[in-house]
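Here, each number is a calculation from the coordinates, and none is a lab measurement. Just so we're clear, the structure is a prediction, and the values are computed from it rather than from any experiment. So basically every Cβ, Gly included, is an ideal-geometry build from the backbone, and we count neighbours across all protein chains shown.
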Amino acid sequence: MVEVDVVVVGAGQAGLSSGYFLRRAGLEHVVLDADAGPGGAWRHRWPTLRMATVHGIHDLPGMPFEVVDDSAPANEVLPAYFADFERRNDLAVVRPVGVTAVREGEGGRLLVESADETWSARALVNATGTWTHPFWPHYPGQETFRGRQLHTADYARPEEFAGQHVVVVGGGSSAIQLQLEIARHATVTWVTRREPLFTDEPFTHEIGRAVVARVDEAVRAGRPPASVVSVTGLFRTPEVRAAQEAGLLDRLPMFDRITPTGVAWADGREVRADAILWATGFRAAIDHLAPLRLRGPGGGIKLDGTRVVADPRVHLVGYGPSASTVGASRAGRAAVREIKELLAPALV
């Protein structure tokens, strides 16, 4: 068993930021990452996601990020940036390590367990994000569908749907982006639970603060964090506007059931499908924290900033209001500041 002051789980933007500030604070720590290399969720993004269409990239601490080529794949550029950050700051990232459970240890310590090793820590920074926990809704007949079902997390490239008809499910920006790609090679039907609300107003700092405030309100009350789209709506970019004018974003309400050959509505309407793409978002990847019993009655974890109210040794970064690149870096700094205060008596 390895003893440290702090264990950080996850080496995406939030985890690297936390590791950076822990190192500056002089706290003995380790960063555990389940991936084989740097980049966090970015290393798994689909190859057609280019830097020109990536929104809201923020600098890691002390290392400005500059886009050299807008046409470059995001799953190459950002992992390279993260790798450079790790090297420059000599961060102690141990990979690949999949944390299976965090549970109560002896003497007020936390035990962070993997298949091969256990770490004993006085505090924990959880920065596991959402990418490894895609959300799959269930509809009657889903298991009978003879075509292909995949989630955004499984999407590779639009050419694989050439000549097919694809039903895209979901009302977020990823659903729009992917169906516009697929529509160049296949026919598409778009379905959403709610009528999409588009806005022509540009994303501003004021809107960003409103998003953070709404999500912060939810996690402070112990509710699961809401999606960004539920607060901001969908931004009508020139590409989106052109697609709407061409009739490519005509949305249908959510179907009621899935048939062996497609999807169907209660009014008798049916749409044939070769594939169903579930662009239905992600949930926080925090199942390994279950032994600590942090969830409240509503299914969320009540936070004060990044600190878990039920257990001040545990901080969630990249969760709720800090689930953005700018929020993640700030959250890492804030979490380390509180952890340093918490551990101060034991460090004297």
key: Cleavage-rule hits, GluC sites (Glu not before Pro), the stretch 110-181, DSSP coil, Cβ neighbours within 10 Å at most 14   = Glu117
task = Sort Asp287, Asp59, Asp5, Asp116 so the one with the fewest other Cβ atoms within 10 Å of its own Cβ comes first.
result = Asp116, Asp287, Asp59, Asp5
ask   = Dipole of the chain (Lys/Arg Cβ +1, Asp/Glu Cβ -1, origin at the Cα centre): which of Gly26, Thr192, Pro61 lies farthest to the positive side?
value = Thr192
message = Rounding to the nearest 10 and keeping the result within 0 to 90°, find how far the Cα-based axis of helix 325-347 lies from the longest principal axis of the chain.
response = 20 degrees
note = The long-range amide H neighbours of Gln149, using H built 1.01 Å from N in the peptide plane and a cut-off of under 5 Å, are Ile276
task = Starting from the stretch 67-162, pick out the trypsin sites (Lys or Arg not before Pro) whose DSSP state is loop and whose Cβ has at most 11 other Cβ atoms within 10 Å.
result = Arg146
key: Distance from the stretch 235-289 to the stretch 61-108 (C-alpha centre basis), Å   = 32 Å
remark   = Expressed in µm² per second, the diffusion coefficient of the stretch 19-155 from the Stokes-Einstein equation, with Rh the Kirkwood radius over alpha carbon pairs, at 20 °C and 1.002 mPa s, is 120 µm²/s
Estimated dipole of the chain in Debye, rounded to 20 [Cβ of Lys and Arg +1, of Asp and Glu -1, Cα centre] = 660 debye
note = Which residues qualify? For Ala273, with a placed amide H closer than 5 Å and at least 5 residues away or on another chain, they are Gly262, Val263
